[in-house]
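Bear in mind that the values in this text are calculations on the coordinates, not laboratory data. Please read all numbers here as calculations on a predicted model, not as lab measurements. As a convention, Cβ positions derive from the backbone with ideal geometry for all residues, glycine included, and neighbour counts pool all protein chains shown.
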Amino acid sequence: MATNEVVKLEDVWVHYDGVPALEGINLAINQEDFLGVIGPNGGGKTTLLKVILGLIRPGQGKVTVLGGNPERGRRFVGYVPQYSLFDRDFPVSVWDVVLMGRLGQAGLFRRYSEEDKKTARHALETVELLDFKDRQIGELSGGEQQRVFIARALVAEPKLLLLDEPTASVDAPMQTGFYELLQRLKQRMAIVLVTHDISAVSIYVDEIACLNRRLFYHHSKEISVEELEATYQCPIELIAHGVPHRILREHD
Amino acid sequence: MRHALLAGLLAAVACGIIGVYVVVNRMVFISGGVSHCSFGGIGLGYYLGINPVLGALFFTVASALGMGVVTRRTKLPEDTAIGVLWVMGMALGIILVGLTPGYPPDLFSYLFGNILLVPTFDLFVMLILDIVIISVVFLLYKEFLALSFDEEFGTVAGIPTERLYLILLCLIALTVVVLIKVVGIILIMALLTIPAAMARQFTHSLKRMMLLSVLFGAVFAVGGLWLSYALDWASGATIVLVSVALFIASLGFSRLRSRRQLKVSPLTQRQLSDE
């Protein structure tokens with residue numbers, strides 16, 4: 001295994017009650033990658049992230065995270081789950097949520113250390129939300145909450161950052177700020193971003209993979225129209241926002 | 001009377017702290033299931049000739065753990081498991097009481113509470129359980145917070161979420177045992193829900209919610225006790241009615257408060273100040 005390889009999936013298959021969710025996935029992610037995974041809903045994008053995190057065990061195939069199994073690799077992985085999955089009224093502050101990312105470092109039965117708090121402060125500064133640290137989580141907007149969850153993933157000082165549909169509830173102007181943040185973060189860690197927002201993704205990420213139970217990936221932004229159509233199972237018209245140059249290069 | 005006040009205060013500590021987890025985790029139905037199931041332990045205690053409270057202690061903890069393990073390891077939906085647990089314990093208790101020779105002393109007290117006649121031994125048990133509950137919550141505070149807020153992230157962050165969940169179920173079982181003599185099995189659910197739910201309206205901090213919840217629990221217990229003495233009403237039920245009445249009043253009060261202060265989100269605040 002190459003020394004800058006962060007994740008390796010070899011012939012991974014996952015079934016839910018006999019129905020295949022991932023078929024024969026072969027994927028290698030390197031330290032310097034900023035990978036966008038696109039594909040339709042139900043195509044297995046969240047499953048892929050959960051396999052990398054060890055939350056789901058594949059029926060077949062091998063998953064290696066930073067040289068070991070996914071459960072051990074978790075301490076180096078930052079996870080930003082889909083935004084919608086928490087109780088907005090929960091009595092917890094932004095500060096408390098971000099500190100949760102340090103649970104692996106802090107150890108059972110102990111209070112959070114000064115080091116933990118310093119890292120949390122730094123993470124909140126990175127996402128520009130330090131001023132809101134005492135607000136109840138539900139008082140923030142969708143985009144702000146998403147940044148809190150990114151901060152929570154960053155405090156573990158991960159080597160790999162996984163984001164699941166991070167802009168699903170964020171409107172266009174906020175999205176630019178969000179992607180610019182990711183571009184700054186990619187200097188220090190590998191990033192895998194799962195989304196069905198093709199246009200924004202294609203501008204900012206360095207590599208694109210298509211996933212619909214099967215994976216199409218060329219370690220680049222090259223995806224053919226055939227591969228896109230096979231992924232989305234329908235004819236695709238590519239609409240690109242922003243500068244009118246070809247975003248997705250043609251593949252022969 | 002002094003015993004009754006002590007029992008009320010000890011109960012308030014337990015239900016104040018654990019009630020917060022019950023309410024924020026939406027485990028109210030679980031608390032109902034565990035509390036009614038404990039009657040099986042009461043029956044077991046009678047049948048074996050030991051103190052029914054001790055019988056309840058072991059039986060309830062075992063049942064809660066069993067339910068937790070079954071829900072986690074099988075596809076059985078949680079509310080089904082709770083429903084089964086609820087009736088199984090009650091039915092078992094009824095049969096065991098029936099099989100015990102002679103007249104079961106204090107049966108009414110276990111079902112409906114009898115805070116005025118709490119024996120010293122029971123107070124001692126309540127104190128020990130309170131100490132256990134406070135210690136565990138203190139040691140595992142940040143883990144329980146993560147478990148309650150976002151369990152999946154907790155697993156990813158590296159905490160043993162399944163074991164923590166089972167520990168939480170045990171703490172609920174212990175709290176149920178503490179509350180049995182105060183309001184009776186049938187009404188325990190009230191004290192595990194109402195003080196915490198009322199506290200939630202006054203704070204966004206889980207720690208403060210616990211403190212307020214203990215305070216409200218104490219007010220309900222003492223107030224209900226005094227009222228039941230004055231009116232000669234059943235003590236446990238009066239405590240519950242006092243808590244319901246104050247809770248409804250607090251709902252009206254907090255609605256008035258939120259209408260007067262329009263809550264503005266930080267984003268809107270910044271937009272308004274930029275203009």
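For peptide A:97-107, compute the average count of partner chain beta-carbon atoms within 10 Å of each residue's beta-carbon. Mind dumping the intermediate values first?
Numbers: counts 5, 0, 3, 10, 4, 2, 10, 5, 2, 5, 1.
Mean inter-chain Cβ contacts per residue within 10 Å come to 4.
So who's got an amide H within less than 5 Å of the one on A:Ala21, skipping anything under 5 residues away but keeping other chains? H placed 1.01 Å off N, in plane.
A:Val14, A:His15, A:Tyr16
Compute the long axis of helix B:2-24 from its Cα atoms, compare it with the longest principal axis of the Cα atoms of chain B, and write down the angle in degrees, 0 to 90, nearest 10.
Taking the Cα atoms of chain B, the angle to B:2-24 is about 50 degrees.
Cα-based Rg of the stretch B:122-250 per 2.2 N^0.38 Å, rounded to two decimals? Please report the intermediate quantities before stating the final value.
On the way: Rg = 16.3 Å, N = 129, 2.2 N^0.38 = 13.9 Å.
This ratio for the stretch B:122-250 stands at 1.17.
Given only helices, namely DSSP H runs of n ≥ 4 each adding -39500 (n - 2.57), what is the per-residue ellipticity at 222 nm of chain B, to the nearest 500 deg cm²/dmol? Let's see the in-between values first.
Numbers: 13 runs with 227 residues, N = 275.
When only DSSP H runs of four or more count, the value is -28000 deg cm²/dmol.
Hey, can you grab everything whose amide H is under 5 Å from the amide H of A:Gly36? Only 5+ residues off in sequence or another chain; H modelled, so Pro and N-termini drop out.
A:Leu193, A:Asp206, A:Glu207, A:Ile208, A:Ala209
Based on alpha-carbon positions alone, could you give the equivalent ellipsoid semi-axes of the stretch A:23-157 from the gyration tensor, as √(5λ), descending, whole Å? Write out the running numbers ahead of the final one.
On the way: eigenvalues 163, 69, 37 Å².
Computed over the stretch A:23-157, the values are 29, 19, 14 Å.
Calculate how many DSSP beta bridges within the protein assembly as shown are antiparallel, expressed in % of all such bridges and rounded to the nearest 5.
Values: 19 of 37 bridges.
Around 50 percent of the beta bridges assigned by DSSP in the protein assembly as shown are antiparallel ones.
Grab the Cα-Cα distance for A:Glu23 and A:Glu229, subtract it from 0.36 nm times how many residues apart they are, and report the gain in nm with one decimal. Numbers along the way, then the final one.
On the way: separation 206, 0.36 × 206 = 74.16 nm, distance 1.75 nm.
Between A:Glu23 and A:Glu229, full extension yields 72.4 nm more.
Between B:Ser135, B:Ser228, B:Ser205, where does the largest GNM mean-square fluctuation fall for chain B, given springs only between Cα atoms within less than 10 Å?
B:Ser205
Please list, in order along the stretch B:36-50, the HN-Hα scalar couplings obtained from phi with the Karplus expression 6.51 cos²θ - 1.76 cosθ + 1.60 (θ = phi - 60°), rounded to whole Hz, x for Gly and Pro.
Per-residue couplings from phi come out as 5, 4, 4, 4, x, x, 4, x, 4, x, 4, 4, 8, x, 9 Hz.
Taking θ = phi - 60°, what integer Hz values does the Karplus form 6.51 cos²θ - 1.76 cosθ + 1.60 yield along the stretch A:89-104, in sequence order, with x for Gly and Pro?
8, 4, x, 9, 8, 4, 4, 4, 5, 5, 4, 4, x, 8, 4, x
For a quick check: sort A:Thr176, B:Thr155 by the number of other beta carbons within 10 angstrom, fewest at the front. Walk me through the numbers on the way to the answer.
Details: A:Thr176 13, B:Thr155 20.
So the residues, fewest neighbours to most, are A:Thr176, B:Thr155.
What's the average, rounded to a whole number, of partner chain beta-carbon atoms within 10 Å of each residue's beta-carbon in B:147-153?
6
To make sure I understand the rule: partners must be aspartates and glutamates, Cα under 20 Å from the Cα of A:Lys8, and not fewer than 8 residues away in the same chain. Which ones qualify?
Correct list for A:Lys8: A:Glu23, A:Glu32, A:Asp33, A:Glu71, A:Asp164, A:Asp206, A:Glu207.
Name the lysines eligible as straight-distance cross-link partners of B:Lys75: C-alpha to C-alpha under 25 Å, and not fewer than 8 places from it in the same chain.
A:Lys45, A:Lys50
How crowded by other chains is B:157-163, given as the mean number of beta carbons from other chains within 10 Å of each beta carbon? Intermediate values should be presented prior to the final figure.
Numbers: counts 16, 11, 5, 1, 0, 0, 0.
Rounded to a whole number, the mean comes out at 5.
Normalized C-alpha radius of gyration of the protein assembly as shown, against 2.2 N^0.38 Å?
Details: Rg = 27.3 Å, N = 527, 2.2 N^0.38 = 23.8 Å.
Here the Cα radius of gyration is 1.14 times the empirical estimate.
Mind jotting down the distance between the C-alpha centroids of the stretch A:117-194 and the stretch A:7-58, whole Å?
23 Å
Under the Karplus relation 6.51 cos²θ - 1.76 cosθ + 1.60, θ = phi - 60°, what is the ordered set of whole-Hz ³J(HN,Hα) values for the stretch B:98-103, x standing for Gly and Pro?
These are the phi-based 3J(HN,Hα) values: x, 7, 6, x, x, 8 Hz.
At 4 °C and 1.567 mPa s, grab the translational diffusion coefficient of the stretch A:5-232 from Stokes-Einstein with a Kirkwood Rh over Cα pairs, rounded to a whole number in µm² per second.
Numbers: Rh = 18.1 Å.
Roughly 72 µm²/s, to the nearest whole number.
Please report, in debye to the nearest 20, how large the charge dipole of the stretch A:5-232 is about its Cα centre when each Lys and Arg carries +1 at its beta carbon and each Asp and Glu carries -1 there. Intermediate results must be reported in sequence, preceding the final value.
Details: 26 positive and 32 negative charges, 186 e Å.
In debye, rounded to 20, the stretch A:5-232 gives about 900.
Please list, short to long, the whole-number percent of alpha-carbon pairs of the stretch B:2-262 in consecutive 10 angstrom bins beginning at zero.
Binned Cα distances yield the sequence 8, 31, 35, 20, 6, 1, 0.
So how strong a dipole does the protein assembly as shown carry about its Cα centre when Lys and Arg Cβ are +1 and Asp and Glu Cβ are -1, to the nearest 20 debye? Walk me through the intermediate numbers first.
Working: 45 positive and 48 negative charges, 326 e Å.
Dipole about the Cα centre, nearest 20: 1560 debye.
At what distance in nm do the modelled label points of B:Thr100 and B:Leu117 sit from each other, each positioned 7 Å from its Cα along Cα→Cβ?
For B:Thr100 paired with B:Leu117, the spin-label model returns 1.3 nm.
Straight distance only, please: which lysines reach the Cα of A:Lys133 with their own Cα at less than 19 Å, same-chain residues fewer than 8 apart left out?
A:Lys117, A:Lys118, B:Lys142, B:Lys207, B:Lys263
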